[in-house]
Ligand SMILES: NC(=O)c1ccc[n+]([C@@H]2O[C@H](COP(=O)([O-])OP(=O)(O)OC[C@H]3O[C@@H](n4cnc5c(N)ncnc54)[C@H](O)[C@@H]3O)[C@@H](O)[C@H]2O)c1
């Protein structure tokens, strides 16, 4: 039985992971951590690490960058592997995560969906084969999302960069400089509204044709399943930084 703990358990994703964990016979949900305790939960929800006495086997984190950093200090102290699914980290926080992975196993991915990881590979493949294409990434999310562009859009761009010797640079804001498009940029557009779970399109513009790759997440369940798979994956791994690879 895997003893699971969820950071950000009262959020949309935390609730989704908790529901999935409770439906599995091989997982025992110990509870979770959240600054918001207003919900009536069937499991323990803490907002003070000092009060957590039973040691989880693994922690899944869908919270906020500040909450993840706080969690990592607890996880290192207790030697617990962590799956980080939270997005929006700054460079200093990313470096801290890498540093922590020397002391505990950490699985970190901005998108836990298997299909999005396929999309990363497909986009890299297209970038490699459509050398002179101009690349734009458009993403749409619900209006409560805080970070932009999405961690997934950045993850796809990074995969393209890695396959192309980092030859692109990123343009997050076309309003700042009134200039024509640089062929070696990857442009990002973020749309926010309604209840959209997550949509990503990578567009490759050529002179006489346009190639688009789109993924639409219709349920948060895909991320919850991916996070639980990742938790099972790192459970008995040595310390290190792990991420989604196909
Ligand atoms: N990797 C993926 O596949 C994936 C998929 C979906 C969402 N996400 C990311 O996961 C994160 C959470 O998404 P969500 O839609 O569940 O958001 P949400 O706002 O619904 O939930 C976040 C939860 O974390 C809690 N929290 C925030 N800061 C805290 C703090 N300092 N201390 C304690 N608790 C704190 C909030 O109270 C809330 O309950 C976001 O960063 C989002 O982008 C990742």
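Could you sort the peptides 201-209, 14-22 by per-residue average Cβ neighbour count (10 Å cutoff), highest mean leading?
Numbers: 201-209: 14.3, 14-22: 20.3.
Packing proxy ranking, top to bottom: 14-22, 201-209.
Mind telling me which of 106, 156, 186 comes out most flexible in a GNM of the chain, alpha-carbon contacts under 10 Å?
So, out of 106, 156, 186, the one fluctuating most is 186.
Residue 131 versus residue 170, label points 7 Å from Cα toward the beta carbon: distance in nm?
Here the modelled spin labels are 2.7 nm apart.
As I understand it, the value is the acute angle between the Cα axis of helix 114-129 and the longest principal axis of the Cα atoms of the chain; what does it come to in degrees, rounded to 10?
Roughly 20 degrees, rounded to the nearest 10.
Once R0 is set to 41 Å, what does the formula 1/(1 + (r/R0)^6) return for the Cβ-Cβ distance between residue 77 and residue 219, expressed as a FRET efficiency to the nearest 0.05?
Values: r = 35 Å, r/R0 = 0.86.
Calculated transfer efficiency: 0.70.
Would you mind classifying region 1-117 by shape? Square roots of the alpha carbon gyration tensor eigenvalues, ordered a ≥ b ≥ c; an a/c under 1.5 is rounded, otherwise it is prolate if a/b is larger than b/c and oblate if not.
rounded
Just subtract the alpha-carbon distance of residue 206 and residue 92 from 0.36 nm times their residue separation and send over the number in nm, one decimal. Before the final figure, lay out the partial values.
Numbers: separation 114, 0.36 × 114 = 41.04 nm, distance 3.71 nm.
That pair, residue 206 and residue 92, stretches by 37.3 nm at full extension.
What percent does the relative contact order of the chain come to when contacts are Cα pairs within less than 8 Å and at least six residues apart?
22 percent
Running a GNM on the chain with Cα contacts under 10 Å, which residue among 121, 162, 90 ends up with the highest mean-square fluctuation?
So, out of 121, 162, 90, the one fluctuating most is 90.
For the chain, what does -39500 (n - 2.57) per DSSP helix run (n ≥ 4), summed and divided by total residues, give at 222 nm, in deg cm²/dmol to the nearest 500?
Numbers: 6 runs with 78 residues, N = 246.
Computed mean residue ellipticity for the chain: -10000 deg cm²/dmol.
Based on the alpha carbon coordinates of the chain, what radius of gyration and maximum Cα-Cα distance (Dmax) apply, in Å?
For the chain, the Cα radius of gyration and maximum Cα-Cα distance read 19.1, 63 Å.
Given labels modelled 7 Å from the Cα in the Cβ direction, how far is it in nm from residue 143 to residue 162?
Between residue 143 and residue 162, the label points sit 3.6 nm apart.
Starting from the eigenvalues of the Cα gyration tensor, five times each then square-rooted, give me the equivalent ellipsoid semi-axes of region 65-122, largest first, whole Å.
Equivalent ellipsoid semi-axes, largest first: 23, 13, 10 Å.
Provide the percentage of antiparallel DSSP beta bridges, counting only those with both residues in the chain; round to the nearest 5.
Close to 30 percent.
Rounded to the nearest Å, what's the spacing between the alpha carbon centres of region 100-126 and region 136-207? Just the number, please.
Each part reduced to its Cα centre gives a spacing of 17 Å.
Ranking request for peptides 165-176, 232-243: highest mean number of other beta-carbon atoms within 10 Å first, then the rest in descending order.
232-243, 165-176
At 7 Å along the Cα-to-beta-carbon direction for both residue 180 and residue 239, put a label point, then send me their distance in nm to one decimal.
5.4 nm
Go through 127-135, 24-32, 53-61 and give me the packing order, highest mean Cβ count within 10 Å leading. The partial results should precede the final answer.
Working: 127-135: 15.0, 24-32: 17.3, 53-61: 19.2.
Packing order, densest peptide first, comes out as 53-61, 24-32, 127-135.
Once both axes come from the Cα atoms, what is the angle between helix 151-163 and the longest principal axis of the chain, in degrees from 0 to 90, rounded to 10?
Relative to the chain, helix 151-163 is tipped by roughly 60 degrees.
Where a number appears in this text, it was derived from the coordinates with a stated rule and is not lab data. None of the values given here were measured: they were computed from a predicted structure. When we count neighbours, we look across all protein chains shown, and the Cβ atoms used for this are built from the backbone with ideal geometry, even at glycine.
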